[in-house]
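Presented below is the structure to which this report refers.
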Amino acid sequence: MRHSLLVIGCGSIGERHIRCFKATNRTEVAATDFNAALLSAIGEKYGVKLHTDWENALLDPSFDVVLIATPAHLHVAMAMKALAAGKNVLIEKPLSISLDNVKEAALLRDRKGLKVAVAYVYHTLPYLRGAKDCLEGGTLGVVRQAWVTSGQPFHLLRPAYANTYYKDHKTGGGAIQDALTHFANWIESVLGPSDSVICDGSRQMLEGVNVEDTVHATARHGDVLVSYALNQFQAPNESTIQFNASRGSLKIEFHNARWGIMRFGDSDWTWNDAKMSESANDSPYILQANEFLNYVENQDAQICTLEAAASTLRFNLAALAAIKSEARVVC
C-alpha cells in the first residue's frame, strides 16, 4: 500500500523523518514549515512537495498520514486538526507539555477510526526488543529493581540547542522532556506505568539555557524500584539499562547495541548483539517509519501508542514537579 505523508515542521527531527520515510519507499512525502527559507531548502534538498500553510495542506485529500515535528506545546492541537481532517497521525515526542486535550484527542481518534502514535523511537531498536522479550518470557524471574545511566556531549551533537525548543520547558525543553523521557517511556513499556517519582535536576554545564541538563530520579512501578542518572554534557555518548530480577540480571548497552544476561552463579555476561544494517543514525527512524505504516495498515507493529505516551507525559510532569517541590510526586 502506498501512503502520502505531510510532515509539519522541518527542523532537525522533521528533516530526519522526511529522509527516513522516503527511505521506506512506501510513501510520497510533502513538507510544511513556518520558516519559508528552511522550507525552501528542504524542498531543494529532498525534492519533496512543499506547502506554506499547514492547515490548508490538511484539506488535501491525498494525504492519509501526518507527522507533527513542531515544538511540544503545539503537538496536541495540531494532531486534533489533523484527525478532524481524517488523517492518521505520528507525533514527535514528548506528546505534549500538559495533559490538556489529550483525552479529547483519543476520543476524536476513536470516533474517526484513525491511528495515532508517538515517536518514541526506542520501541523499534532490535536489541531493546530482544531484551524486552527475554524479560517478559520470565527467564530471569520477577524484576525487582532497574537502573538507567546515560549521558552524551549534547553541545557537540546538537550545537544549536540554545536556539531551539530545548531552551524552554514550555516548548518541551530540558533534559527530562528531551532525553530522560525516552528511557522512562521504554521502561514503562516493560514494567507498566510509573506510580510516583522523586527527582532532582539542574543546569550543570550547558551554556545559554536555564533548563536542567542533569537529572537524578527514582520512580516506583508497583513493587519495582527504578533509578535514573542522566546528563547531557559528558564526553562519552553512552547509555546503559540494567534490570535485576529474582534469578539474575539483564543489561542493555546502547553504545554497543547489545543486551546480555547473567544468572546467579555465572562468571560473566552472555551477550546478544543486534547491530543495525543501515546508517547508525537513521536506522532506528527508518524502522520506526515502517512500523508506523504497518500500524496504519492494521498490521502488528512495535510503536508507542497515544495512551502509552500519555502515561510517560504524566511521568515527565511529575518529575518536573518533584524538582520544584523537593518531594515525591504521584504520576
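The values are calculated or read from the model by the stated rules, or taken from the named source; none is laboratory data. What you are looking at is a predicted structure, and each value in this text was computed from that prediction instead of being measured. All Cβ positions, glycine included, derive from the backbone under ideal geometry; neighbour counts span all protein chains shown. To get the accessible areas, we keep the full protein, side chains included, count just its heavy atoms, and leave off ligands, DNA and RNA. Shrake-Rupley method; radii C 1.70, N 1.55, O 1.52, S 1.80 Å.
Computed quantities for the displayed model
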| read-out | value |
| --- | --- |
| Calculated FRET value between residue 129 and residue 2, using beta carbons and R₀ = 25 Å, to 0.05 | 0.40 |
| For the chain, built as a Gaussian network whose Cα springs stay under 10 Å, the top-fluctuating residue of 71, 159, 284 | 159 |
| For the chain, calculated [θ]222 nm from helices alone, where every DSSP H run of n ≥ 4 adds -39500 (n - 2.57) | -10000 deg cm²/dmol |
| Gaussian network model of the chain, Cα within-10 Å springs - most flexible of 38, 90, 250 | 38 |
| Helical segments meeting 24 Å axial Cα length and Kyte-Doolittle 0.5 threshold in the chain (DSSP H) | 306-325 |
| Listed residues 256, 163, 185, most fluctuating in the chain (Gaussian network, C-alpha, under 10 Å) | 163 |
| Fraction of accessible area attributable to carbon and sulfur, the chain (%, probe 1.4 Å) | 50 |
| Förster-model FRET efficiency, 30 Å R0, residue 46 and residue 307, C-beta, rounded to 0.05 | 0.35 |
| Gain on full stretching of the segment that runs from residue 297 to residue 281 - 0.36 nm per residue minus C-alpha separation | 3.2 nm |
| Solvent exposure of segment 281-331 as accessible area per residue, Å², 1.4 Å probe | 43 |
| Cα centroid separation - segment 104-154 against segment 179-193, whole Å | 6 |
| Peptides 208-217, 221-230, 234-243 ordered by average Cβ neighbours within 10 Å, highest first | 208-217, 221-230, 234-243 |
| For segment 108-266, accessible area per residue (1.4 Å probe, heavy atoms of protein chains only), Å² | 42 |
| For the chain, share of DSSP beta bridges that run antiparallel, in % to the nearest 5 | 60 |
| Option label - semi-axes √(5λ) of the Cα gyration tensor in Å computed here, alternatives [x] 39, 33, 17; [y] 29, 24, 20; [z] 32, 22, 20 | [z] |
